[in-house]
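**Student:** Please find one structure pasted underneath; my questions will follow.
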Amino acid sequence: MLDTAWLAEEIKGTFPNVILKVNKKLDAYTYTRTGGPADVLLFPVSKEEVEEITKWTHEHKVPLTILGNSSNVIIRDGGIRGVVMILTELNGIKAEKNQLIVQSGAKLIDASKRALHEGLTGLEFACGIPGSVGGAVYMNAGAYGGEVKTVIKTVEVVTLKGERKVYENDDLEFNYRHTVLQETGDIVLETVFELEKGKKEKISAKMEELTELRTAKQPLEFPSCGSVFKRPTGYFTGKLIQEAGLQGKMWGGAQISTKHAGFIVNVNQASATDYIELIAYIKEVIFELFEVKLETEVRIIGEDAPKESDDFVAMGISS
Ligand SMILES: Cc1cc2nc3c(=O)[nH]c(=O)nc-3n(C[C@H](O)[C@H](O)[C@H](O)COP(=O)(O)OP(=O)(O)OC[C@H]3O[C@@H](n4cnc5c(N)ncnc54)[C@H](O)[C@@H]3O)c2cc1C
């Protein structure tokens, strides 16, 4: 088992300036407001810091997990062992001619606002997606007919061994909510968006229209992880869940949203386990009724909380 105190001391010694928290619960960061603790949680502020920490974890065989804005993850209640890097402090945005050069922890929403400010069109669809740019690349995030794949020129990453690399758009194997990064585990450092000159009034009007649509349809007043499931070919997940009579179903503190059945909202101090069990239940019912296999869009990571009986065993007590 990994010794957290050792790990924290080693990292503090090697990276004295990095922002570090030990055994920190991640529910403070996730959009569902659920999730167990990270052994060692780091907030790098530069690409070099991300690169060096990644090299270090590779050399020391310490598990490494990357988070952006945590709007598409459920972290199990037992939390995450090893090092977790949250990249939200790496958030610079630069504009050069028709391009935006955006560091991975910047909010996609801020990138689309910056595009408006610069009179650049192409990122309007992203104005309400609450992820970071790194998370958006990793997920090929999209909305209202747009996807990040259509506006990405290049993506700079660091591999899990700590080597820098630049992907051209074509190399990223974009698909519906998929890029090759989901297989390689490469960490996004910076993305170049290629946009076009546009009229600010038109860009702004489009963003307002999409924001109104989102506010009308989505339960933004509650914590959630957005659409829980990918859209199955030929169906709409929300409609299937409604037709199954599941809308409004509670599971612990989690509920299938009464406003949008594709969302699970945290209405009463839900745990990650509530979310995960409700997801499993929905999948089972939908398969039984419609023979449709739902696949989660949300990424479920981390470890289950130890069961009480496991605690007794760990303490040398048997029942
Ligand atoms: C209310 C709400 C509405 C939403 N609406 C939409 C929508 O319209 N369209 C849509 O596509 N999504 C939507 N989402 C989901 C989510 O915002 C997107 O998937 C977003 O792209 C996730 O980015 P993130 O930074 O939050 O990623 P996280 O949740 O932090 O991470 C998601 C995955 O990406 C990986 N990752 C994160 N950063 C990096 C990085 N720098 N390098 C490599 N891997 C990384 C993580 O390891 C994890 O596996 C919504 C979510 C919410 C809560």
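**Student:** If you place +1 on the Cβ of every Lys and Arg, -1 on the Cβ of every Asp and Glu, and leave all else neutral, what size is the dipole of the chain about its Cα centre, to the nearest 20 Debye?
**Tutor:** That gives the chain a dipole magnitude of about 880 debye.
**Student:** If you average the C-alpha positions of the stretch 253-285 and of the stretch 159-177 separately, how far apart do those two centres end up, in angstrom?
**Tutor:** Comparing the Cα centres of the stretch 253-285 and the stretch 159-177, I get a distance of 32 Å.
**Student:** Continuing with the same structure: How do Asp186, Asp171, Asp27 rank by accessible surface area computed with a 1.4 Å probe, from largest to smallest?
**Tutor:** I get Asp171, Asp27, Asp186, largest accessible area first.
**Student:** Right, here's the next one. Of the options Asn72, Val188, Ile152, report the single residue whose Cα projects farthest towards the positive end of the charge dipole of the chain (beta-carbon charges: Lys, Arg +1; Asp, Glu -1).
**Tutor:** Of the listed residues, the answer is Ile152.
**Student:** Okay, next question. Principal axis lengths of the chain from Cα atoms, whole Å, largest first?
**Tutor:** On the principal axes, the chain reaches 71, 54, 31 Å in Cα extent.
**Student:** On a full-extension model of 0.36 nm per residue, what is the gain between Leu160 and Ala205, subtracting their alpha-carbon distance, rounded to one decimal in nm?
**Tutor:** The span from Leu160 to Ala205 would gain 12.1 nm if fully extended.
**Student:** Which one of Asn169, Phe15, Gly82 is farthest out on the positive end of the charge dipole of the chain, using unit charges on Cβ (Lys, Arg +1; Asp, Glu -1) and the Cα centre as origin?
**Tutor:** Farthest along the dipole direction, towards plus: Asn169.
**Student:** What residues of the stretch 204-219 lie in the reach of a label at Lys259, counting those whose backbone N is under 14 Å from a point 7 Å from the Cα along Cα→Cβ?
**Tutor:** Answer for this model: 211-219.
**Student:** Given labels modelled 7 Å from the Cα in the Cβ direction, how far is it in nm from Val22 to Lys293?
**Tutor:** Here the answer is 4.5 nm between the modelled labels.
**Student:** Restricting to DSSP loop positions (anything but H, G, I, E, B) with no more than 13 other Cβ atoms inside 10 Å of their own Cβ, which GluC sites (Glu not before Pro) remain in the stretch 1-84?
**Tutor:** none
**Student:** Under a Cβ-Cβ cut-off of 14 Å, what is the net charge of the residues other than Glu10 that fall near it, where Lys and Arg count +1 and Asp and Glu count -1?
**Tutor:** Computed value for this residue: -2.
**Student:** Now for a different question. Report, in deg cm²/dmol and to the nearest 500, the calculated mean residue ellipticity at 222 nm for the chain, where each DSSP H run with n ≥ 4 adds -39500 (n - 2.57) and the sum is divided by the residue count.
**Tutor:** -9000 deg cm²/dmol
**Student:** So if each residue of separation counts as 0.36 nm, and I subtract the Cα-Cα distance between Lys239 and Tyr176, what length gain in nm does that give?
**Tutor:** Net length gain for the segment: 20.7 nm.
**Student:** Oh, and also: Roughly speaking, to the nearest percent, how much of the stretch 4-86's 1.4 Å accessible area is carbon and sulfur?
**Tutor:** Reported share for carbon and sulfur atoms: 49 percent.
**Student:** Dipole magnitude of the stretch 7-147 about its Cα centre, charges +1 at Lys/Arg Cβ and -1 at Asp/Glu Cβ only, in debye to the nearest 20?
**Tutor:** It works out to roughly 260 debye.
**Student:** Next up: What number comes out for accessible area per residue over the stretch 1-113 if the probe is 1.4 Å? Units Å², please.
**Tutor:** Averaged over the residues of the stretch 1-113, the accessible area is 44 Å².
**Student:** Now for a different question. Using DSSP to call loops (not H, G, I, E or B), can you name the trypsin sites (Lys or Arg not before Pro) in the stretch 150-221 whose Cβ has at most 16 other Cβ atoms within 10 angstrom?
**Tutor:** Answer in residue order: Lys161, Lys199.
**Student:** What is the extension gain from Lys197 to Tyr144, computed as 0.36 nm multiplied by their sequence separation minus the C-alpha to C-alpha distance, in nm to one decimal?
**Tutor:** Between Lys197 and Tyr144, full extension yields an extra 17.0 nm.
**Student:** Which loop GluC sites (Glu not before Pro) in the stretch 229-310, with loop taken from DSSP, have no more than 15 other Cβ atoms within 10 angstrom of their Cβ?
**Tutor:** Answer by residue number: Glu291, Glu295.
**Student:** With +1 on each Lys and Arg Cβ and -1 on each Asp and Glu Cβ, how big is the dipole of the stretch 92-162 about its Cα centre, in debye rounded to the nearest 20?
**Tutor:** 140 debye
**Student:** Among Leu41, Leu108, Leu240, which one shows the highest mean-square fluctuation when the chain is modelled as a Gaussian network with alpha-carbon springs under 10 Å?
**Tutor:** Leu240
**Student:** Can you find, among Gly252, Gly226, Pro44, the residue farthest towards the positive end of the dipole of the chain? Put +1 on the C-beta of Lys and Arg, -1 on that of Asp and Glu.
**Tutor:** Going by the Cα projections, it comes out as Gly226.
The values are calculated or read from the model by the stated rules, or taken from the named source; none is laboratory data. Just so it is clear, the model here is predicted, and its values are computed rather than measured. Every residue, glycine among them, receives a Cβ derived from its backbone with ideal geometry; neighbour counts consider all protein chains shown. All accessible areas refer to the heavy atoms of the entire protein, side chains included, with ligands and DNA or RNA removed. Shrake-Rupley method; radii C 1.70, N 1.55, O 1.52, S 1.80 Å.
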